[in-house]
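J.: My questions will all concern the structure given below.
Since every read-out is calculated from the coordinates, none of them should be taken as a lab result. Since this is a predicted model, take the numbers as computed values, not measurements. Note that each Cβ is placed from the backbone with ideal geometry, even for glycine, and that neighbours are counted across all protein chains shown.
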Amino acid sequence: MTMAESGTNETEPGERGTTAPPAAAERTTGGRRAPSGPGARALIARLVASPRRPSGRHLLVVAGAGVVSLIVAAAVGFGGGSPGQSSNPVPAATATVERGTLTQTQQVGGLISYGEPVGLVAQQQSGVVTWIAAPGTTVKIGQPVYAVDGRPVILLHGTATPYRTLAAGTVGPDVKELEASLKELGYLGAGVTADDTFDAATVSAVQAWQGKSGLPVTGTVPPDQIFVHDGDIRVALQTTPVGSHLGLQPNQQVITFSGTRQVASIPLDVSLQHLVRTGDPATVTLPTGQRLGGTVSSVGTVAQTIEEQKKTFVTVIVSFDDPSALAGGFDSSPVTLTIVTGQRLDVLSVPITALMANPHGGYAVQTVRDEHATLVPVTTGMFANGRVEISGAGIVEGAAVRVAQ
């Protein structure tokens, strides 16, 4: 499976965004990286000093957080001099400094499915497979999964693997799980509590259940009458054709099955593993463009390698907040998953196009007041979805700043 990766960011409130830019030399700002150092400053100085008409702009290509972004370094108002008030007329393109939340995200490719199918091994060592639930079928508690010699194998809920015949006098956790399933199906009365002892009430309930299920009414439960799983199942494939003879060879699979809830599986590059934690919010985008909310339910701890791509990954599972939104949709489909990887609350930010190269190093913005622009050095923080966190003298909420057109 190929994983498509790209860095994308989101912000509230404000405009759409981009990611933090790196350069030839970098420094850490607000938890991200920003260009600095003699090499970057020399480049910016040459761009600023280059003789152009006032309307000319330079595109400084910088990369950060996995995506390439373009920062427009406007020559207007710089003049190669010190930061301060500009005598140039103020253009119409301005934006305001906003206070709010910046959110960074990471986009990766994944697959929506019902989870990794596993095999169901037949308990029978003889007989003919006469019926199997069709692929795509959801089998619920009390329903048959397959049949041998016309006798159904019934799904019950639990975690104890059947290995012995349960009969009057049998004691153990498998008895308690049997009684819990019989109670859920309505064969044990409301006043009866499931326990680990197979008593007369259990015998009566088992006989009633067997009669309704098409099984021999014996009051005992051999292991080949039931399949025990911790929930309902969805049949993925029939691995043994109907009409096949079961023999003495071990581990004969009848079907493969999975859970009944769709999840998104992400082969996440191990270099990004530290960005994702169980419980993180996530957004899943379907091929139709529909966006669904979800939560990271598990992060794999065993790394796998795709040799031909020389890529090592762990599997991340995302559960959907509203599984019903997928009803009637895709059984399996590639999707894009957006995972929140960083957030800054209550910060000042401007559109990234307001950010300019400071001739003395770092960045600046041009604040606009009384129809004049002033170049103000700023410290950058998080870059997110077209906006950048800034701070500096005179940078206040509601201040007007120039933006590149």
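J.: Calculate, in nm to one decimal, what Ser332 and Asn251 gain on full extension: separation in residues at 0.36 nm each, minus their alpha carbon distance.
T.: 26.4 nm is the gain from fully extending Ser332 to Asn251.
J.: Given Cα positions, please report Rg to Rh for segment 106-187, the hydrodynamic radius being the Kirkwood one.
T.: My calculation puts Rg/Rh at 1.07.
J.: Per residue, what volume in Å³ does the convex hull of the Cα atoms of segment 261-339 enclose?
T.: That works out to 97 Å³ per residue.
J.: Using only Cα atoms, what Kirkwood radius does segment 118-258 have, in angstroms?
T.: 15.3
J.: OK, next. Can you compute the FRET efficiency between Lys212 and Leu111 using 1/(1 + (r/R0)^6), with r the Cβ-Cβ distance and R0 = 35 Å? Round to the nearest 0.05.
T.: For R0 = 35 Å, the calculated efficiency reads 0.35.
J.: Something else about it: About the Cα centre of segment 191-314, how large is the charge dipole given +1 on each Lys and Arg Cβ and -1 on each Asp and Glu Cβ? Please answer in debye to the nearest 20.
T.: The dipole of segment 191-314 has a size of about 480 debye.
J.: Here's another thing I want to ask about it. Taking the simple approach of a point 7 Å from Cα along Cα-to-Cβ for both Trp131 and Thr285, what is their distance in nm?
T.: 4.7
J.: Over the alpha-carbon set of segment 166-234, work out the extent along each principal axis and list the three values in angstrom, largest first.
T.: Sorted from largest, the Cα extents of segment 166-234 read 32, 24, 22 Å.
J.: What do you get for Rg/Rh over segment 293-399 if you use C-alpha atoms and the Kirkwood form of Rh?
T.: Computed over Cα atoms, the ratio is 1.19.
J.: Post the alpha-carbon centroid distance, segment 355-405 to segment 109-182, in whole angstrom.
T.: Cα centroid to Cα centroid, the span is 65 Å.
J.: Mind giving me the nanometre distance, one decimal, between the label points for Lys310 and Arg164, set 7 Å out from Cα along Cα→Cβ?
T.: Simple spin-label model gives 5.7 nm for this pair.
J.: What percentages, rounded to whole numbers, describe P(r) for segment 206-279 computed over all alpha carbon pairs with 5 Å bin width beginning at zero?
T.: Final binned percentages: 3, 10, 12, 14, 14, 17, 9, 6, 6, 5, 4, 1.
J.: Students often get this wrong: which residues of segment 346-373 have the backbone nitrogen under 14 Å from the point 7 angstrom along Cα-to-C-beta of Thr94?
T.: Zone members listed by number: 366-373.
J.: What are the lysines whose alpha-carbon lies under 18 Å from the alpha-carbon of Lys212, with same-chain residues fewer than 8 places away excluded?
T.: By straight Cα distance, Lys212 reaches Lys140, Lys183.
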